[in-house]
Ligand code: DGY
């Protein structure tokens, strides 16, 4: 008999067929308590769980006593209670490599569009306001040869550094738990403490996961350290930045602009004050959202679940230690 799996994300047809070849699949819309109640039997017998978003916490795990592996279609896994998974010996698989270059592209797009005010001026032209040659009111600020500070030098940070250094001649600073020799040798990146990075960077780019340590890591005090001409880019997780403090800093000129792909609450409420600011470029968490990359993530998530439920995990596992 094929192992039972709960799927809570729709997959491209070929990937769904592959999942069906290996497992007996029940597709549901989400993993909310209501959905779990509605499909209690299927959840109780499932050995695998595949999807993205939604909280996978102790309450959900209690309803899934047969569960052996979760596979998330994302690199981030802050919505999973990893301690609870470990206690129950449930493997957690994710998709860390396939999206690296695409998320770095998104970050570079935010750097360019905030500095050169692309969305704002696009609206301005389309509103018929381009009546004569542009003047200082429409000028932006240069990106090339400026200093870009990266918080979190993981795979995505490295791919961003490559773009910024080779494409735009930028100096790279970084703040990370460990020294990153490759970033230093390839891009001349300089490791520094958070305070130095905030003070010296023209662009501060956040590529950090959300953890207890990174929650509100950037608040009013940190924003004050930045240059008034500086731009903050966040494409990691919204709650790494205190959004209220950021809104205040963008309003009072502490900070020049911000480019945000992530927010403290997602979808960001339509009446959020931060959305009213002209110096904010806002995106709907599209970091990895291209056809090619989202397909690649779904493909990896399917392969990850097959490997995990067959005892063949050699990569993409958050908690491989529980196999021992
Ligand atoms: C991830 O994979 O964690 C991204 O944030 C989703 O786009």
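The values are calculated or read from the model by the stated rules, or taken from the named source; none is laboratory data. The structure displayed is predicted, hence computed values, not measured ones. Positions of Cβ are backbone-derived with ideal geometry, glycine not excepted, and every protein chain shown enters the neighbour counts.
With the requirement that a residue be touching a residue at least 12 places away in the same chain (Cβ under 8 Å) and within 24 Å of the chain's Cα centre (by Cα), what does the stretch 295-307 give you? Correct list: 295, 296, 297, 298, 299, 300, 301, 302, 304, 305.
Between 316, 310, 279, the distinction of being touching a strand residue (DSSP E or B) at 6+ places or on another chain (Cβ under 7 Å) and within 30 Å of residue 47 (Cα to Cα) belongs to 316 only.
The set of residues in the stretch 226-236 that are more than 14 Å from residue 115 (Cα to Cα) and not in a loop (DSSP other than H, G, I, E, B) contains only 234.
Considering the stretch 200-225 alone, what residues qualify as being in a strand (DSSP E or B) and either within 16 Å of the ligand (Cβ to nearest atom) or under 15 Å from the mean Cα position of the chain (by Cα) (or both)?
Filtering the stretch 200-225 down to residues in a strand (DSSP E or B) leaves 203-206, 218.
205, 206 - these are the residues of the stretch 200-225 that are in a strand (DSSP E or B) and either within 16 Å of the ligand (Cβ to nearest atom) or under 15 Å from the mean Cα position of the chain (by Cα) (or both).
Of all residues in the stretch 77-107, those being assigned to a helix (DSSP H, G or I) and surrounded by fewer than 22 Cβ atoms within 10 Å (Cβ to Cβ) number 9. Could you grab me the full set of residues in the stretch 115-145 that are buried (at least 18 other Cβ atoms within 10 Å of the Cβ) and in contact with a helix residue (DSSP H, G or I) (Cβ under 8 Å, 6 or more places away or on another chain)? Within the stretch 115-145, 117, 143 meet the criteria.
Restricting to the stretch 169-179, what's the tally of residues that are touching a strand residue (DSSP E or B) at 6+ places or on another chain (Cβ under 8 Å) and over 16 Å from residue 209 (Cβ atoms)? Even if it seems obvious, please write down each step before you answer.
Here is the first cut: in the stretch 169-179, the residues touching a strand residue (DSSP E or B) at 6+ places or on another chain (Cβ under 8 Å) are 170-176, 179.
Add one more test, that the residue is over 16 Å from residue 209 (Cβ atoms), and what stays is 170-173, 179.
Number of matching residues: 5.
Among the residues making up the stretch 247-264, none is more than 15 Å from the ligand (Cβ to nearest atom) and within 30 Å of residue 14 (Cβ to Cβ). Residues of the stretch 50-76 that are surrounded by fewer than 19 Cβ atoms within 10 Å (Cβ to Cβ), more than 20 Å from residue 211 (Cβ to Cβ) and in contact with a helix residue (DSSP H, G or I) (Cβ under 8 Å, 6 or more places away or on another chain): 59, 63, 65, 66, 68. Which members of the stretch 270-294 meet the condition of being part of a helix (DSSP H, G or I) and away from the ligand (no atom under 16 Å from the Cβ)? Those that are part of a helix (DSSP H, G or I) and away from the ligand (no atom under 16 Å from the Cβ): 273, 274, 275, 276.
State yes or no: is residue 120 part of a helix (DSSP H, G or I) and more than 30 Å from residue 295 (Cβ to Cβ)?
Details: part of a helix (DSSP H, G or I): yes; more than 30 Å from residue 295 (Cβ to Cβ): yes.
So residue 120 fits the description; yes.
For the stretch 86-116, residues that are more than 18 Å from residue 235 (Cα to Cα) and without any contact (Cβ under 8 Å) to a residue 60 or more places away in the chain total 3.
The single condition among (1) in contact (Cβ under 8 Å) with a residue 40 or more places away in the chain; (2) more than 16 Å from the ligand (Cβ to nearest atom) that residue 60 does not satisfy is (1). Of 267, 239, all but one fail to be assigned by the TED database to the domain that holds residue 110, in a helix (DSSP H, G or I) and within 16 Å of the ligand (Cβ to nearest atom); the exception is 239.
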